[in-house]
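The values are calculated or read from the model by the stated rules, or taken from the named source; none is laboratory data. This is a predicted model, so every value here is computed, not measured. Cβ coordinates were reconstructed from backbone atoms using ideal geometry, including for glycine residues, and neighbour counts include every protein chain displayed. Each accessible area value is taken on the protein alone, full model and side chains, heavy atoms only, with ligands, DNA and RNA left out. Shrake-Rupley method; radii C 1.70, N 1.55, O 1.52, S 1.80 Å.
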Amino acid sequence: MSFTVAIDGPAAAGKGTISKGVAAHFGFAHLDTGLLYRAVGRRVLDGVDPVAAAQTLTAEELEQGDLRTAEIAQAASKVAVIPEVRAALVDFQRAFARRAGGAVLDGRDIGTVICPEAEVKLFVTASAEVRAERRFLELSAKGADVTLDQVLADVRERDARDAERSTAPMKPAEDAVLLDTSELSIDDALAQAVEIITQKRPAA
C-alpha cells in the first residue's frame, strides 16, 4: 500500500531534517528531490547541457558526496527554472512517491505539482533571518569562508528565484499544513510533523 508524504518549503527551513526523521519514524522511503537538481547542476558545471543532464540522470549520481556545496546549490537553483529539466525529473519522483510501503519526498513543488494527490502535505518554513543563520552555522562548521550577510542575501535570492519562476513556483499547496520552525527546535518540529501525519494515516 502506498502512502505519500509531500514536504515543501524554502532552503534551510528544516524540511530535509524533518523529512528524514519522519521517514525513519514511520519506516518510509525518503527522497530529497533537491538532490536531483543538485546532481543536474553538478553535471552542468562540468559542461553538460542541462536538459541532457536531467534526461540521463541516474540514482547513483545522487550518492555523490559533493552535492551540498554553495556553488552546486546555486547551479541547482538555476537549472530548476528550466521547464524541460523539471519535466524530465517528474516521472522519477512520481514513481518513487507511489512505491509500496510509503514514501516521503521533500522539495519545493511536491504537494503542488509532483504529488498533488499525496495523503499528507506539509509546508515547512521559517523567517529568512533564521534560515540564514542556520545555513551560516552549517557552512562555517564545514570551513566555508562566508559572512552572515552573504548567506542572508543568498537565501533571499534563492527564495525569489524559487517563488517567481514560471514553472512550478514554490508555494504551499492549498491543502498543505503550514509548519513554521522559526521558534522550534528540531525535536519539536519533528514531533509536530509526526503528529500531523499520524492523524491522517489510516489505522493499521
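Structural remarks
- Subset of the range 89-134 that is open to solvent by 50 Å² or more (accessible area, probe 1.4 Å) and touching a Ser or Thr at 6+ places or on another chain (Cβ under 8 Å) - its residue that is farthest from Ala163 (Cα to Cα): Ala100
- Restricted to helices (runs of 4 or more DSSP H) entirely inside the range 10-72, those with at least 2 residues that are touching a residue at least 40 places away in the same chain (Cβ under 8 Å) and either on the phi < 0 side of the Ramachandran plot or of a type in the set (Gly, Ala, Ser) (or both) are 15-26, 34-45.
- Members of the range 86-130 that are within 27 Å of Pro202 (Cβ to Cβ) and of a type in the set (Ser, Thr, Tyr): Thr112
- Restricted to the range 82-91, and to residues there that are over 15 Å from the mean Cα position of the chain (by Cα) and hydrophobic (A, V, I, L, M, F, W, C), the residue that is nearest to Leu148 (Cα to Cα) is Ile82.
- Subset of the range 45-81 [hydrophobic (A, V, I, L, M, F, W, C), under 17 Å from the mean Cα position of the chain (by Cα) and open to solvent by 40 Å² or more (accessible area, probe 1.4 Å)]: Ala59, Ala70, Val81
- Given (1) hydrophobic (A, V, I, L, M, F, W, C); (2) touching a helix residue (DSSP H, G or I) at 6+ places or on another chain (Cβ under 6 Å); (3) more than 21 Å from Leu35 (Cβ to Cβ); (4) modelled with pLDDT under 95, index of the condition Val177 fails: (4)
- Some residue of the range 157-170 being at pLDDT 95 or above, open to solvent by less than 40 Å² (accessible area, probe 1.4 Å) and among the hydrophobic types (A, V, I, L, M, F, W, C): no
- Check on Arg86, buried (at least 17 other Cβ atoms within 10 Å of the Cβ) and within 22 Å of Arg156 (Cβ to Cβ): no
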